[in-house]
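Enquirer: My questions all concern the structure below.
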Amino acid sequence: MSLTLADARLVTPAGVHEGWLTIEDGRITHVGHGSAPGPGLSLGGRHVVPGFVDIHNHGGAGGSFPTGDLGKARDAVELHRRHGTTTMVASLVTDSIDGLRSAASSLAELCEEGLLAGIHFEGPYIAKARCGAHDPTLLREPTPGELAELLEAGRGHVRMVTIAAELPGALDTIRAAVAEGVIAAIGHSDADYDQTIAGIEAGASVATHLYNAMPPLGHRAPGPIAALLDDERVTIELINDGVHVHPAMLRLAYEVTGPGRTALITDAMSATGLGDGDYVLGPMRVRVEGGVARLVEGGSIAGSTLTMDVAFRRSVREVGMSLADAVQVASLTPARVLGLADRIGSIAAGKAADLVVLSDSLEVDGVMKGGDWITEPR
Ligand SMILES: [Zn+2]
């Protein structure tokens, strides 16, 4: 069975062109310019972009990955898929080691089903002074042995672990993670510039939501932000919701790293897709007001209610990225971080047919995953 999508504006890494594509067995087989050679589904000149890839996401639609409740986790995946995210990693906030092991072991099932592309431990190896919405009483010093236990619970599906580079044992644990093929990310950290460099030298290659939960840039104390921005080996995560990071600071980071080292993330929590009200993030109580999630105790920002389509749209509208660059930061760069760029992340022959159809105002009109419509364009 082959399907042709015609009369489309295709956004590829090379730019935007009018054209068509064919899909067979879940993959893109041809990408062409101009009119399609045969009959096809006309998209009426709408944009088609690759499905979004979210490497940091805690849930949505009332479901929270940290609970390990698979029914709810499925609801969260479904919500984000309808917003164009065709590949996502489930992030776990700090919990007891037993709690993390049990959440990872149940989420591994969703990885095996292909609903999730992996699991991310955002805690417990983070700094008390920068713990944000993580429970400070459950934070721990990292050790390679304990990390190995967590990885084992995830049955090979743990893709990322966030570590504060200044903690005792951090560098050895970063090395151990990388040796196991797990991405080490620096974040929720009170590290100074030199400690951050040491973390990168040990193998850390991602900045967990740059700016948030780390010391600010200072001209004599450049801190982790300057170290992470400055190093070509590091990809920075940015939460582009207009709340977590001021657009001017987001632009500043992006001008340094460019689309090849910038990954948009949602950091979405369970309230995403629902209204204001009371929710939980792991063991912490969260209140959402005006779409902004904060801890009931202390008021720290506690994840977001962002979806990738909104982050993508804001990148074009508020940050001023070209469509091709916005596609790169929402799809190809995070796909590369996960080691999946040969299979997903752009519109090219041979890649999975993970596609988003966008209206003129860049709203999601249709989503396809592996050649099947999640929502069919009207
Ligand atoms: Zn998070």
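Enquirer: Per 10 Å bin, what is the whole-percent P(r) computed from every C-alpha pair distance within the range 1-139?
Expert: 11, 31, 23, 19, 12, 4, 0
Enquirer: Between helix 193-202 and the chain, what is the angle of the helix's C-alpha long axis to the longest principal axis, kept within 0 to 90° and rounded to the nearest 10?
Expert: Approximately 70 degrees, to the nearest ten.
Enquirer: State, to one decimal in nm, how far the label point of VAL316 lies from the label point of VAL178, with both points 7 Å from Cα in the Cβ direction.
Expert: 3.7 nm
Enquirer: If amide H atoms are built 1.01 Å from N in the plane of the peptide, which residues on other chains or at least 5 residues away come under 5 Å of the amide H of ILE183?
Expert: Amide H neighbours of ILE183, under 5 Å, 5+ apart: MET160, VAL161.
Enquirer: I'd like the trypsin sites (Lys or Arg not before Pro) in the range 159-257 restricted to DSSP loop residues with at most 16 other Cβ atoms within 10 Å, sorted by number.
Expert: Those that pass, being in a loop and sparsely packed, are ARG220, ARG233.
Enquirer: Give the cross-link partners of LYS72 among the aspartates and glutamates, using a straight C-alpha distance below 14 Å as the criterion and excluding same-chain residues fewer than 8 apart.
Expert: GLU109
Enquirer: Can you compute the FRET efficiency between SER105 and HIS219 using 1/(1 + (r/R0)^6), with r the Cβ-Cβ distance and R0 = 51 Å? Round to the nearest 0.05.
Expert: After rounding to 0.05, the efficiency reads 0.65.
Enquirer: Is there a quick way to get the dipole size of the range 227-378? I mean about its Cα centre, with the Cβ of Lys and Arg at +1 and of Asp and Glu at -1; what is the value in debye to the nearest 20?
Expert: Using Cβ point charges on Lys, Arg, Asp and Glu, the range 227-378 gives about 140 debye.
Enquirer: Roughly what % of Cα-Cα distances in the range 39-98 sit above 20 Å, to the whole percent?
Expert: 39 percent
Enquirer: Counting alpha carbon pairs within less than 8 Å and at least 6 residues apart, what relative contact order, in whole percent, applies to the chain?
Expert: Once normalised by length, the contact order is 20 percent.
Enquirer: Identify all lysines with a Cα-Cα distance to LYS351 below 24 Å; exclude those on the same chain that are fewer than 8 residues away in sequence.
Expert: Once the sequence-local lysines are set aside, what remains near LYS351 is LYS369.
Enquirer: With N set to the residue count of the chain, report its C-alpha Rg divided by 2.2 N^0.38 Å to two decimal places.
Expert: 0.95
Enquirer: Here's a follow-up. Cα axis of helix 97-112 to longest principal axis of the chain: angle in degrees, 0 to 90, nearest 10?
Expert: 10 degrees
Enquirer: Let me ask another. Say R0 is 25 Å: what FRET efficiency, to the nearest 0.05, do HIS17 and LEU274 get from their beta-carbon distance?
Expert: Working from the Cβ atoms, E equals 0.05.
Enquirer: Quick one: of the DSSP bridges fully inside the chain, what percent are antiparallel, nearest 5?
Expert: Of all bridge pairs located within the chain, approximately 60 percent are antiparallel.
Enquirer: What full-extension length gain, to one decimal in nm, is calculated for SER359 and HIS33 as 0.36 nm per residue of separation minus the Cα-Cα distance?
Expert: 115.4 nm
Enquirer: Now for a separate question. Among VAL16, ALA341, PRO259, whose Cα projects farthest towards the positive end of the dipole of the chain, with charges put on the beta-carbon of Lys, Arg (+1) and Asp, Glu (-1)?
Expert: Of VAL16, ALA341, PRO259, it is VAL16.
Enquirer: Which order do the peptides 186-193, 367-374 take when ranked by the mean count of other beta-carbon atoms within 10 Å per residue, highest first?
Expert: Taking the mean over residues of other Cβ atoms within 10 Å, the ranking is 186-193, 367-374.
Enquirer: Size of the dipole of the range 126-223 about the Cα centre, Lys and Arg at +1 and Asp and Glu at -1 on the beta carbon, nothing else charged, in debye to 20?
Expert: 280 debye
Enquirer: Please name whichever of PRO222, HIS56, SER42 sits farthest to the positive end of the charge dipole of the chain, dipole taken about the Cα centre and charges placed at Cβ: Lys and Arg +1, Asp and Glu -1.
Expert: Value computed over the given set: SER42.
Enquirer: Nothing charged except the Cβ atoms of Lys and Arg (+1) and of Asp and Glu (-1): what's the magnitude of the dipole of the chain about its Cα centre? Round to the nearest 20 debye.
Expert: Its charge dipole is roughly 560 debye.
Enquirer: If a paramagnetic tag sat 7 Å from the Cα of ASP372 along the Cα-Cβ line, which residues of the range 39-72 would have the backbone N under 18 Å from that point?
Expert: Those under the cut-off are 51-52, 71.
Enquirer: Tell me, what is the percent relative contact order of the range 262-378, built from C-alpha pairs under 8 Å that lie six or more residues apart?
Expert: Reported as a whole number, the value is 17 percent.
Enquirer: What percent do you get for the relative contact order of the range 106-236 when only Cα pairs under 8 Å and 6+ apart count?
Expert: It rounds to 21 percent for the range 106-236.
Computed from the coordinates by the stated procedures, all read-outs in this text should not be read as laboratory data. Quick caveat, the model's predicted, so the values are computed rather than measured. Heads up, the Cβs are rebuilt from the backbone with ideal geometry, glycines too, and the neighbour counts pull from every protein chain shown.
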